[in-house]
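Student: Once you've had a glance at the structure underneath, I'll fire off some questions.
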Amino acid sequence: MADQPVLGELPDQRAVFRRAAPWLRGHRVALAAAVLLNLAGAALAVGVTAAIGRVVDAADDGDREALVGRVLLLLVLVAATGVLTWASRYWLIQVGERVLAGLREHATAAVGGAPLRFVEAHRGGELLRRLTGELDGLARFAGGTLPDLVAAALVLVFTVVMLALYSWPLTLALLIGFLPPAVLIVRRFQRRAGDAYAGVAAAQTAVAARFAESLPAREQLRISGAVPRWLKRFRADNDRLRAAREREVVTELTLNLLTLLQAGCVAGLLVLSALFVGYGRLSVGVAVVFVLATRDILGRFEDLAASLGEARSAHVRLARLLDLVRATGASPAGGVAGGVDPVGLPARGRLVLTGVGFTYGPGAPVVEGLSLTVAPGERLVVVGPTGAGKSTVGKLLAGLYPPDRGTVTYGGHELTALTARSLRSRIVLVPQEVTLVAGTLGENLAMVAGRPGPDRVAAVLDTLGLSGWVASLPGGLGTPLEADSLSTGERQLVAIARAVLADPAVLVLDEATAGVDRETAARIEDALSAAAGDRALVVIAHRAETVARGHRVLTMPEGTVGGVRR
């Protein structure tokens, strides 16, 4: 069996920012502008504190003229700081949202273009959580915490530089008294935070996946009396989430020690400043600057440390998202890596399986040594008992599964070497469960490459003999479709018409007439016959009427091919 990447609950948190760097292409100028704006805003904020000290010195000296000038300068600095702080915050949020919007599009495209094996290897809630929950959390971080984090860090650095210029002994005393214990507290938090936040993310995913799996099966759960068992499993997931949240809270409370450290540092600095003023080493204004700046430093550091929790959580979210993108094989340029558009790929060609083998997991292969050729204009019917591998063969023929052994080629080109665009333009599979999107019937029919216009849609419906059925609907092509607005058979008719609009060379249908009444089945069969033309049809079926319309029959699991008795 070919190796299939599977996402782990705990993401790879190594070199996250280096791995994310390629996704910032196209935003580097905007990021540079955001950095410059924030640097200017932080410098002005520190300048306000320095200006307050100069005002105090002018008042202490009794120099009214200097006092007025310095007060006016202070007011200008305050106003400019407010404007620049707003502008820098706004710009940083805008850039963050643009980066996340691009990453959201890339991640969605990556999952949409991922191998079917990858999608089927994961619970639906797991992929949904990474595509929505992680991105929503990153958006909240970019719009709220990140601007505060950047501002606190820059003001902190600039303030320390300013204080060092005023009095390096006092600044050194402050740093020695505050930094070592503060670093120990933060490091203790950091050691615990990675596992704590990753544990919460994994537990949230489990709860979301349990909900996502239960909603489609709600009727079956009630009918079978399995609701208590489901609630028991959900309770276990919920208990796991509660325990993970408790670990997260205990980890975050570690940062509260910084408040006690801040109070002690402010008290000590007040005493030292008073001594320096008494010995004439500092002016009153500089002492005021030190007291104000120290409170600002400690407050900013506390804000910075408090933001580390959310930053660590965002770090984990980004790691989970990057793991998803990497596992799908997507590149920063968009799409999934691999495949070429070959020159001369025929519009109609032979589909050939040679020695194909496929295994889902440990154990016996589902398909082994299958060789088969499907020619243009041929109708091949695939039959066999449930679990014999019929649907697997259909997905192999459609290129949704790459074979573990052997090759599948169209027109002499291996399907695994083609781009998704080339492959889907030649081979289309209509699954047994047809999904419709919110919108009109016409919009659902036009969900193919090239967006066919009304005339093209009408022509195909007429060819398939479905014009009368569409006309019988309340709004014709404008009929709004909802979850249960069409029957299973009618959904199949929509899927067949949609497939024919794509004009593929090979059309694979998986149990198109299963679970429908005879009248609808006959309508589907007539539509298939009209759709045949010079294209190859591969029909997976149980109905004798469907088998009788085939040219050849592939019997699974034996993999034998024979003619149809007429």
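Student: Stokes-Einstein diffusion coefficient for the range 243-294 at 25 °C in a medium of 0.890 mPa s, Rh from the Kirkwood formula over Cα pairs: what value in µm²/s?
Tutor: 187 µm²/s
Student: Give me the distance between the Cα centres of the range 383-454 and the range 270-327, rounded to whole Å.
Tutor: Using only Cα atoms to place each centre, the spacing works out to 57 Å.
Student: Pulled fully out, how much extra length does the chain show between LEU24 and TRP230, if you take 0.36 nm times their separation in residues and subtract their Cα-Cα distance?
Tutor: This chain segment gains 69.9 nm when fully extended.
Student: Shifting gears a bit: With a cut-off of 8 Å between alpha carbons and a minimum separation of six or more residues, what is the relative contact order of the range 412-566 in percent?
Tutor: 27 percent
Student: Enter the angle in degrees (range 0 to 90, nearest 10) between the Cα long axis of helix 257-278 and the first principal axis of the Cα atoms of the chain, meaning the one along which they spread out most.
Tutor: 30 degrees
Student: If you split all Cα-Cα distances of the range 358-455 into 5 Å bins from zero, what percentages do you get per bin, shortest first?
Tutor: So the P(r) values, bin by bin, are 2, 10, 18, 20, 18, 14, 10, 5, 2, 0, 0.
Student: Going by average Cβ neighbours within 10 Å, how do the peptides 317-324, 23-30, 436-443, 223-230 rank, with the highest at the top?
Tutor: 317-324, 436-443, 23-30, 223-230
Student: Leaving out ligands and nucleic acids, and using a 1.4 Å probe, what accessible area per residue does the range 400-533 come to in Å²?
Tutor: That works out to 44 Å² per residue.
Student: Additional query: At a threshold of 8 angstrom on Cα-Cα distance, excluding pairs fewer than six apart, so keeping six or more, what relative contact order does the range 495-556 reach in percent?
Tutor: 42 percent
Student: Cα atoms only: what Rg and Dmax, in Å, come out for the range 138-294?
Tutor: For the range 138-294, the Cα radius of gyration and maximum Cα-Cα distance read 25.4, 87 Å.
Student: Could you give the alpha-carbon Rg of the chain over 2.2 N^0.38 Å, rounded to two decimals?
Tutor: So the chain has a normalised radius of gyration of 1.37.
Student: Could I have the simple spin-label model distance between VAL291 and TYR90, label points 7 Å from Cα toward Cβ, reported in nm to one decimal?
Tutor: Modelled inter-label distance: 3.7 nm.
Student: Work out the FRET efficiency for THR488 and ASP61 from their Cβ-Cβ distance, taking R0 = 51 Å, and round it to the nearest 0.05.
Tutor: Step by step, r from the Cβ atoms, then E = 0.05.
Student: Give me, ordered by chain and number, the residues 5 or more places off THR440 or on other chains with an amide H under 5 Å from its own placed amide H.
Tutor: Distant-sequence amide H within range of THR440: LEU481.
Student: Of all DSSP beta bridges in the range 419-566, what percent run antiparallel (nearest 5)?
Tutor: Looking only at bridges with both residues in the range 419-566, the antiparallel portion is about 40 percent.
Student: In degrees from 0 to 90, rounded to the nearest 10, what is the angle of the helix 488-501 Cα long axis to the longest principal axis of the chain?
Tutor: 90 degrees
Student: Where the accessible area of the chain is counted over protein heavy atoms with a 1.4 Å probe, how much of it, in %, is carbon and sulfur?
Tutor: After summing per-atom areas, the C and S share lands at 60 percent.
Student: Students often check this: by mean Cβ neighbours within 10 Å, which of 528-538, 165-175, 146-156 ranks highest, and how do the rest follow?
Tutor: Averaged packing, sorted descending, gives the order 146-156, 528-538, 165-175.
Student: Shifting gears a bit: Taking the alpha-carbon centroid of each part, what is the distance from the range 61-106 to the range 150-193 in angstrom?
Tutor: Value for the Cα centre distance between the two parts: 23 Å.
Student: Amide H to amide H, which residues 5 or more places from ARG350 or on other chains are under 5 Å from it, using H placed in the peptide plane?
Tutor: Residues meeting the criterion, in which the H sits 1.01 Å from N, are GLY411.
Student: I've got another one for you. Based on DSSP H runs of at least 4 residues, each adding -39500 (n - 2.57), what is the mean residue ellipticity at 222 nm of the chain after dividing by all its residues, to the nearest 500 deg cm²/dmol?
Tutor: Calculated from helices alone, the mean residue ellipticity at 222 nm is -20500 deg cm²/dmol.
Student: Next question, about the same structure. Quick one: of the DSSP bridges fully inside the chain, what percent are antiparallel, nearest 5?
Tutor: Antiparallel: roughly 50 percent of the beta bridges in the chain.
Student: LEU429's amide H: which non-local residues (gap 5+, or another chain) put their own amide H closer than 5 Å, with H modeled 1.01 Å from N in plane and none for Pro or chain starts?
Tutor: Here the answer is VAL508, since their amide H atoms fall under 5 Å of that of LEU429.
Student: Quickly rank 41-54, 361-374 as a protection proxy: mean count of other C-beta atoms within 10 Å, highest first.
Tutor: The peptides rank, most packed first, as 41-54, 361-374.
Student: Follow-up question, since we're still on this one. Using alpha carbons only, how many degrees (0 to 90, rounded to 10) separate the axis of helix 146-166 from the longest principal axis of the chain?
Tutor: 20 degrees
Student: How many Å³ per residue does the convex hull of the Cα positions in the range 53-92 occupy?
Tutor: Spelled out: Cα convex hull of the range 53-92, divided by residues, is 44 Å³.
The values are calculated or read from the model by the stated rules, or taken from the named source; none is laboratory data. Model, not experiment: these values are computed from the prediction. Reconstructed Cβ throughout: ideal geometry from the backbone, glycine too, with neighbour counts over all protein chains shown. Note: accessible area is taken over every heavy atom of the protein model, side chains too, but ligands, DNA and RNA are not part of it. Shrake-Rupley method; radii C 1.70, N 1.55, O 1.52, S 1.80 Å.
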